Amino acid sequence: MSNPTLKILSALIAAIIAALLTQPLRANPIFDPLVLTENSSASLTATYNGSPISAADITNTGPDSWTVNLPNTVSFTGAIVAWNESANTENRVFFAVEGDAHNVLSVNSDVAGNGSLNNGDTYVNAGTDSSNGGFINVTFNDNGDTAAVPDTGTTASLLGLSLTGLVFFRRKVC
């Protein structure tokens, strides 16, 4: 004689295993990072998925302006995003979607305005990459103006040293 409870338990276990095996797989989304770095008013570098974008794919179209071509598998959403540069200027990126330019973006730096993101922040979902189904997240780093900002600590110490030297020189001469 067989135990009816054991039969029901076996059938229940088989049903649970079958249900688990037929569930759709849920993968974590893929994020493809694009990092734009302005080094000066004539120099912009970019990396996509950690690899540098060729200089041939970055065109300087004028002071503080560039066009960047990405792989044909990239499609942007058509957004215009701005990162703050200073109190009244921003770095603006246009993610094109017109015609064959779905994989091209334009960068304009030192534009009047107050961006919604801070320098180094990441804009999420600027587009997609059909090669891996990933979403493109864009970070903008403006290193171009950091050299133009004086270092007050060093400036003050050099001024103090110069004045001390002048006082010492004046005592020797007089």
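The values are calculated or read from the model by the stated rules, or taken from the named source; none is laboratory data. Please read these numbers as outputs of a predicted model, since none were measured by experiment. Positions of Cβ are generated from backbone atoms using ideal geometry, with glycine treated the same way; all protein chains shown enter the neighbour counts.
Among the residues of the range 82-99, what is the count of those that are more than 15 Å from Asp110 (Cα to Cα) and either acidic (Asp, Glu) or within 14 Å of the chain's Cα centre (by Cα) (or both)? First the steps, then the outcome.
Initial filter on the range 82-99 (more than 15 Å from Asp110 (Cα to Cα)): 95-99.
Now narrow it down to the ones that are either acidic (Asp, Glu) or within 14 Å of the chain's Cα centre (by Cα) (or both): 95, 98.
Count: 2.
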How many residues are within 25 Å of Gly62 (Cα to Cα) and buried (at least 19 other Cβ atoms within 10 Å of the Cβ) when one looks only at the range 109-140? 7
Could you run through the range 65-78 and say how many residues are surrounded by fewer than 19 Cβ atoms within 10 Å (Cβ to Cβ), touching an Asp or Glu at 6+ places or on another chain (Cβ under 8 Å) and over 12 Å from Gly127 (Cβ atoms)? 1
Let me confirm something: among Val104, Val97, Val81, which residue is of a type outside the set (Gly, Ala, Ser), crowded, with 18+ Cβ neighbours inside 10 Å and at pLDDT below 95? Val104
Those strands (runs of 3 or more DSSP E) completely within the range 28-81 that have 2 or more residues that are closer than 25 Å to Asp110 by Cβ and in contact with a strand residue (DSSP E or B) (Cβ under 6 Å, 6 or more places away or on another chain) are 31-40, 43-48, 58-62, 65-69
